[in-house]
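Worksheet for the structure shown next.
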Amino acid sequence: LFRSVELLFEAFAAADRAWIAALAKAETAGTFWTSGARDARGIFLRAPSEPGTLPVAFVNPVTLLEQHGEARTPILLFGAGHIGRALVLALAPLPFSVRWIDARADTFPGHHPANATPVATADPVREIAMAKPGTLLLIMTHSHALDLDLVAAGLSNPAIAFTGVIGSATKRARFLTRLKAMGLGEDAAARLVCPIGVPGIGGKEPAVIAAGVAVQALQTREHLVRRALPANTASRKKSAH
């Protein structure tokens, strides 16, 4: 198996400070992309894109597409119980933006990671309707009835790229029967992941379950990014600072 690594060096002159400053400023507003020749000629600023997606595909093999800033995949996490708390901590250092939802405001801890936003709401299902494209839906509430409502909403929303719920094979079978009665087709049911997490991990401790779910989230994120990557396009990530 042969592999090769290509190193590209960019040299900047004092005259380049103006457009480099513009890139640095754009980075503070979120992730964006630039495209241009591989020798750094003709760099063009592209519009910001949703996490896990790329702008218009560039099929020219000599085009260099560069990502500036960190693209965080959105996650809707429902449930602030023991496993939900453990999962938020497991996701803290990872490239995700977590919207952490529970109807019980007093369930959230006093401190939480910077990439997690606690949301106490009496209408959690509404959060799914406002999901950004490419969102991962992770469900682990205290109520099976609420779990079912959230699953149905997630499978019905094309913006949701992954729908996972904590549970068992028995819970999945029960949910599939009820989802069919709700009118959801076989294709939607096939996208339900239950039990959630990487197969083969048998521990039931909250931290162990959270580790498996975090790995599964990373795998899903990688799949979404690879699927969005234009063919025959060189890509790299950098900071404008």
In nm, spacing of pseudo-spin labels at ASP187 and ALA114 (7 Å Cα→C-beta vector): 4.1
Vicinal HN-Hα couplings computed from phi for the range 102-110 (Karplus, 6.51 cos²θ - 1.76 cosθ + 1.60; Hz; Gly/Pro x): 7, 6, 9, 4, 7, 7, 5, x, x
Shape metrics for the range 87-241, restricted to C-alpha atoms - Rg then Dmax, Å: 16.5, 54
Label-point separation, LYS132 to SER156 (7 Å along Cα→Cβ), nm: 2.5
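Remind me, what semi-axes does the range 102-165 give for its equivalent ellipsoid, largest first in whole Å, using sqrt of 5 times each Cα gyration tensor eigenvalue? Write out the running numbers ahead of the final one.
Working: eigenvalues 81, 44, 20 Å².
Semi-axes (√(5λ), whole Å): 20, 15, 10.
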ARG17-LEU146 pseudo-label distance in nm [points 7 Å out on the Cα-to-Cβ vector]: 5.5
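Work through the residues other than THR220 whose Cβ is under 12 Å from its Cβ and net out their charges, Lys, Arg +1 and Asp, Glu -1. Before the final figure, lay out each step's value.
Details: positive: ARG191, ARG221, ARG226, ARG227; negative: GLU222.
Local charge sum for THR220: +3.
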Environment charge of TRP100, counting only residues whose C-beta is closer than 15 Å and scoring Lys/Arg +1, Asp/Glu -1: +1
Global size of the range 141-190 as Cα Rg and Dmax, reported in angstrom: 10.2, 27
In sequence order, calculated HN-Hα J values of the range 115-123 (Karplus, 6.51, -1.76, 1.60; Hz; x Gly/Pro): 8, 10, 10, x, 9, 9, 9, 7, 10
Neighbourhood net charge (14 Å Cβ-Cβ; Lys/Arg +1, Asp/Glu -1) for ALA210: +1
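Efficiency by 1/(1 + (r/R0)^6): what FRET value for GLU205 and THR107, r their Cβ-Cβ distance, R0 = 22 Å, to the nearest 0.05? Write down the numbers at each step before the final one.
On the way: r = 19 Å, r/R0 = 0.88.
Efficiency computed from Cβ-Cβ geometry: 0.70.
Keeping the other protein chains in place, figure out the carbon and sulfur percent of the accessible area of the range 166-215, with a 1.4 Å probe.
Details: 1780 of 2860 Å².
Carbon and sulfur atoms account for 62 percent of the accessible area of the range 166-215.
The values are calculated or read from the model by the stated rules, or taken from the named source; none is laboratory data. As the structure is a computational prediction, the values presented were derived from the model and not from experiment. Glycine gets a Cβ as well: all are built from the backbone with ideal geometry, and neighbour counts include every protein chain shown. Please note that ligands, DNA and RNA were not included when accessible areas were found on the heavy atoms of the full protein model with its side chains. Shrake-Rupley method; radii C 1.70, N 1.55, O 1.52, S 1.80 Å.
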